[in-house]
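The values are calculated or read from the model by the stated rules, or taken from the named source; none is laboratory data. Every value quoted in this text rests on a predicted model; they were computed, and no experiment measured them. Here the Cβ is made from the backbone with ideal geometry for all residues, glycine too, and neighbour counts use every protein chain on show.
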Amino acid sequence: MVSRVADEKPQLSKKAACNSHGQDSSYFMGWEEYEKNPYDPVSNPSGIIQMGLAENQLSFDLLEEWLEANSDALGLRRDGVSVFRDLALFQDYHGMPEFKNALARFMSEQRGYRVVFDPSNIVLTAGATSANEALMFCLADHGDAFLIPTPYYPGFDRDLKWRTGAEIVPVHCTSADGFRVTRAALDDAYRRAQKRRLRVKGVLITNPSNPLGTSSTRADLDALLDFAASKCIHLVSDEIYAGTSFSSSSPAAGGFVSVLEVLASRRDHTLLADRVHVVYSLSKDLGLPGFRVGAIYSSNPGVVSAATKMSSFGLVSAQTQHLLAALLGDKGFTRRYLAENKRRIRERREQLVNGLRALGVGCLDGDAGLFCWVDMGRLMRARTFDAEMELWKQVVFQVGLNVSPGSSCHCAEPGWFRVCFANMSAKTLDVALQRLAGFVAKMGTGRRATPVPARSLSCPIAMKWAHRLAPASAKAER
Ligand SMILES: Cc1ncc(COP(=O)(O)O)c(C=O)c1O
């Protein structure tokens, strides 16, 4: 006889069952649609082109050339002698000294050697995802809040909130001042957090910004440090796109400036030093998200010690450290790679910006990142979040481009979309622009593309999605 107890399903934990992971955001839904019908110039020329993924595939040939010329690194050898056994057994969560030294030097190089990174302040993690979460675990208790300027990387809802129980309070930035983070917007977010009785533990920025593709100015960073100082809170700067900044290597000419550089120039730097933390990863600059290599940089010994212990849950494998110690240790290679990669990013971005401009579609001026922040307001029937979702569904299903709507990045203004350009060939980008041109032409002749009815969405998840995109839920998402 089967008992009733045996019939019942065991319950999952609250964490496993709750949906604060953010997987059902339109950002990830678009990826699912792409997976079902991916574009291929030969086998599926009418498929969806993935423009919602900030991947850097522009410089793989440079990495492959290096690998070919340095077979010891991949062959798990050093000076021709096998290190297989050492690597197979290596499990020290402090990381390999030769890799940390090489990473510290590489991070300095990206910042024009204006910042010196001490390898003993680096904690290695499985990507920036893991670094951001570990930092939240170190800095915030369940229910504490971080202020984050909008629009922000949609993955932060998962990375910062889901397992930690921390809260995100948006700092609403607007197009009126190029989406810069102002003191007024910071004060407003702080007040809203207080109203919700949340204890604010810090501000987290991405510099250069995902999704804006812009770098913070020295003045912006100074204002953020002033704010952190006045509220006695932390400042986290996710600098995962540092090496994509293509405008210039000189900050005087508007190039990328790290928060650590601005911190060092301040009178109160010793006071603030243990409250400023940087996140980095090789996922974007080197285009290696599959290798899962990230880092926390902090001068706070408590943070370094706690995060190092936590890194046991997401270490960088020994063979990856071995390979990348050799690659990043090759100064001639990193110098050439950084310069050429930036040149290619700038060129590809220009291709997209010029193509959009020819269609009368504008972008925010940018100097970094693997995407443009595009104003598609003129293609919408009204400047509302409803109309933004309507346009987005048309662009995904009719035009066949998966772009990310601003609302998935918690943008306070409807009409903006993040459009990625570095995960495809120049030819594919041309195809995408041609498709968009066809769509704009169709709209221009008065035949507005018809909204996608819910029943034409291809699966049950799409039905749920269509429902989720109703105005009320779009608001809730922000
Ligand atoms: C701002 C930002 N932080 C973190 C991540 C996660 O990066 P990783 O692949 O290193 O985990 C991303 C990825 O897109 C990102 O854009």
Considering residues of region 246-294 that are at pLDDT 95 or above, in a loop (DSSP other than H, G, I, E, B) and of a type in the set (Gly, Ala, Ser) only, the residue farthest from the ligand (Cβ to nearest atom): Ser265
- line: So, first residue charged (D, E, K, R) in region 283-312, second residue part of a strand (DSSP E or B), Cβ within less than 9 Å, six or more apart or across chains; the pairs are Arg292/Thr125; Arg292/Ser281
- request: Please identify the pairs in which a residue from region 325-353 that is buried (at least 17 other Cβ atoms within 10 Å of the Cβ) has its Cβ atom under 9 Å from the Cβ atom of a residue that is part of a helix (DSSP H, G or I) and of a type in the set (Val, Ile, Thr), counting only partners at least 6 apart or on another chain.
  value: Leu327/Thr334; Leu328/Thr334; Asn341/Thr244; Lys342/Thr244; Ile345/Thr244
- line: When region 185-213 is checked residue by residue, the ones that are surrounded by fewer than 24 Cβ atoms within 10 Å (Cβ to Cβ) and of a type in the set (Ser, Thr, Tyr) are Tyr190
- line: Quick count over region 306-342, residues being over 17 Å from Ala128 (Cα atoms), part of a helix (DSSP H, G or I) and of a type outside the set (Gly, Ala, Ser), is 15
query: Scanning for something on the phi < 0 side of the Ramachandran plot, assigned to a strand (DSSP E or B), aromatic (Phe, Trp, Tyr) and touching a residue at least 40 places away in the same chain (Cβ under 8 Å), does region 143-159 turn up at least one residue?
result: yes
message: So Phe333 ticks every box in (1) out of contact with any helix residue (DSSP H, G or I) (no Cβ under 8 Å at 6 or more places or on another chain); (2) under 20 Å from Asp285 (Cα atoms) but one. Which box is left unticked?
response: (1)
task: Quick one: in region 295-319, of everything that is within 16 Å of the ligand (Cβ to nearest atom) and either among the hydroxyl-bearing types (Ser, Thr, Tyr) or not assigned by TED's automatic domain parsing to the domain that holds Ala126 (or both), which residue is surrounded by the most Cβ atoms within 10 Å (Cβ to Cβ)?
output: Tyr297
query: Considering only region 116-137, how many residues are of a type in the set (A, V, I, L, M, F, W, C), in a helix (DSSP H, G or I) and within 15 Å of the ligand (Cβ to nearest atom)?
result: 5
